[in-house]
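First up is the structure itself, then whatever we jot down about it.
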Amino acid sequence: MFNKRIKIKELLASEEANYEATVMGWVRTFRNNQFIALNDGSTNNNIQIVAELGKFDEALLKRLTTGACIKATGEVIASLGKGQKVELKATEIEILGDSDAEKFPLQPKKHSLEFLREIAHLRFRTNTFSAVFRVRHALAFAIHKFFNDKGFVYLHTPIITASDAEGAGEMFKVTTLPLDGNAPKNDDGSINFAADFFGRSTNLTVSGQLEGELAAMAFSDIYTFGPTFRAENSNTTRHLAEFWMIEPEVAFNDLEDNMNLAEAFIKYVIKHAMEHNKEDLEFLAQRLEEEEKQKPQQDRSELGLIDKLNFVVENDFQRLTYTEAIEILRESNHNKKKKFQYLVDKWGVDLQSEHERYLVEKHFKKPVILTDYPAEIKAFYMRQNDNCEPGRQTVAAMDILAPGIGEIVGGSQREERIDKLLKRMEEMHIPAEELWWYLDTRKFGACPHAGFGLGFERLVQFVTGMGNIRDVIPFPRYPKSAEF
Ligand code: 4AD
Ligand code: MG
């Protein structure tokens, strides 16, 4: 059998020495023609392999270059060097894959994140990115565990849809029609999508929520976890054109239940990562600390990464209404001194990310759940609040804002009353006949229900402290970029 290797993480954790082991991995460094630092991605810690002088061919030693893939067998011995308990005294070294040292773009030195983004196919082999993606994995696993343990059904919603769940119109079209002007046309010159693959106009999904609601009307508790797509032309550190979203939908939950679920969920997955990926998070905390040192004092965060995560897990999120938030913002010195780009002057305006960050980072200094937004700035499916002041119709919406990130969750209680839902759809020019299946749930056993969507990459950013969302997804998709 070829693969009788032991993972480096396991080997480094071994208490005793003096046994034979085989490791495989990629050479990080080779120094003094004798010491190989080998990494296999199971941990950021390398195993030191000692190739005793005179024991191996010069020709072989020359091939031990940064990036080369090797198999090494030898005796695990107590290490004399500092920083590791054990090392491997090699008896056999086999080169599995050479790596031309002149051409390999990753050198054993610090590279900028921007440079590494251009070689995303190789950046997994750096300490930063292997830590980030192990944490991403741990969070994904914890998400499934959280919902599974609560009896939720994991629902796979379609990637290709004919509806625009958010009504925001920022969709990627899916078509097999020719793009060279020869697509079949209607009499009025518009494209005849009846001739297209699905017999209608389709796009990549922006959210699985509407389909999720259908299933919640049978299983009570469901969640989705899949890719979603938005063609918004936002070149920011918080937006991707392809991102993963987790969308639980729960029958019989109201807005408060929804907030409780979201808060418990976020705390659970962070706690899981802190327990299972301690080493990676400590590494990332260190990285962030170094990065922060480059910033002016007032832009540095008050807490280090680990302290921040502990703080979030241990403290209640601040809950307040949109109306209360507008008051705080309007009265803030920031607003009075015109430090906001968009001044907060009247009720009804949408909050910009500068306002969200002010509330979270300057005012409350903790995660915030904002509720009861004006209906005008939210999606059609949100439940209309009763007994609103005239001219101030609100909906049972909730956004969770996280320090350093801004909006991480968007959700609401859903409008289950068909008359109110239909009226709102009409006002927002959403064709009822296209959503007949969605409306059916309001006709056959409707019930109060609520749900939310958590942007997975924003969560990964929050937990890893990475400043740019493009660095927490393996192969980011954003305007003018679909490499790899
Ligand atoms: O607030 P959004 O648009 O809500 C929905 O899609 C609802 N259907 C969710 C629901 O109630 N089931 O998006 C939800 C979250 C945001 O809070 C944000 O974290 C993330 O998805 N998100 C993005 N993340 C990365 N890039 C983008 N372009 C994103 N747009 C939204
Ligand atoms: Mg939102």
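The values are calculated or read from the model by the stated rules, or taken from the named source; none is laboratory data. Owing to the predicted nature of the structure, the values given are computational and were not obtained by experimental measurement. As a convention, Cβ positions derive from the backbone with ideal geometry for all residues, glycine included, and neighbour counts pool all protein chains shown. For accessibility, only protein heavy atoms count, side chains too; no ligands or nucleic acids. Shrake-Rupley method; radii C 1.70, N 1.55, O 1.52, S 1.80 Å.
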task: Would you be able to say whether some residue in region 417-440 is away from ligand 1 (no atom under 12 Å from the Cβ), closer than 23 Å to residue 359 by Cβ and assigned to a helix (DSSP H, G or I)?
output: no
- line: Contact list, first residue from region 89-110 and in contact (Cβ under 8 Å) with a residue 60 or more places away in the chain and more than 28 Å from residue 290 (Cα to Cα), second anywhere and part of a loop (DSSP other than H, G, I, E, B) and among the hydroxyl-bearing types (Ser, Thr, Tyr), beta-carbon distance below 7 Å, six or more apart or interchain, is 99/65; 99/66
message: Residues to consider are 298, 341; find the one that is closer than 15 Å to residue 362 by Cα and among the polar types (S, T, N, Q).
response: 298
field: Complete set of residues in region 79-137 that are among the basic types (Lys, Arg) and either within 23 Å of the chain's Cα centre (by Cα) or under 20 Å from residue 20 (Cβ atoms) (or both)
entry: 85, 89, 117, 123, 125, 134, 136
- request: Please tell me if residue 407 is open to solvent by 50 Å² or more (accessible area, probe 1.4 Å), closer than 30 Å to residue 287 by Cα and touching a helix residue (DSSP H, G or I) at 6+ places or on another chain (Cβ under 9 Å).
  value: yes
task: Tell me, please, whether a residue that is near ligand 1 (Cβ under 8 Å from one of its atoms), closer than 27 Å to residue 443 by Cα and β-branched (Val, Ile, Thr) can be found in region 194-214.
output: yes
Unique match (being open to solvent by 50 Å² or more (accessible area, probe 1.4 Å), within 16 Å of ligand 1 (Cβ to nearest atom) and touching a residue at least 12 places away in the same chain (Cβ under 8 Å)) among 228, 237: 237
message: Of all residues being part of a strand (DSSP E or B) and surrounded by fewer than 22 Cβ atoms within 10 Å (Cβ to Cβ) in region 373-393, which is nearest to the chain's Cα centre (by Cα)? Just the residue, please.
response: 374
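Output the residue which, of all residues in region 37-78 that are touching a helix residue (DSSP H, G or I) at 6+ places or on another chain (Cβ under 6 Å) and under 14 Å from residue 21 (Cβ atoms), is surrounded by the most Cβ atoms within 10 Å (Cβ to Cβ).
47
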- request: Those residues that are in contact with a Leu (Cβ under 8 Å, 6 or more places away or on another chain) and in a helix (DSSP H, G or I), I need them from region 137-166; list them, please.
  value: 139
message: Looking at 442, 477, 470, 424, can you tell me which residue is open to solvent by 40 Å² or more (accessible area, probe 1.4 Å) and more than 16 Å from ligand 2 (Cβ to nearest atom)?
response: 477
statement: Sole miss for residue 194 among (1) small (Gly, Ala, Ser); (2) in contact with a Gly (Cβ under 7 Å, 6 or more places away or on another chain); (3) open to solvent by 50 Å² or more (accessible area, probe 1.4 Å) is condition (2)
message: I want to confirm something. Restricting to region 292-314 and keeping residues that are assigned to a loop (DSSP other than H, G, I, E, B) and either surrounded by 12 or more Cβ atoms within 10 Å (Cβ to Cβ) or in contact with a strand residue (DSSP E or B) (Cβ under 6 Å, 6 or more places away or on another chain) (or both), which single residue is modelled with the highest pLDDT?
response: 304
task: Mind counting the residues in region 245-258 that are under 20 Å from the mean Cα position of the chain (by Cα) and open to solvent by 10 Å² or more (accessible area, probe 1.4 Å)?
output: 2
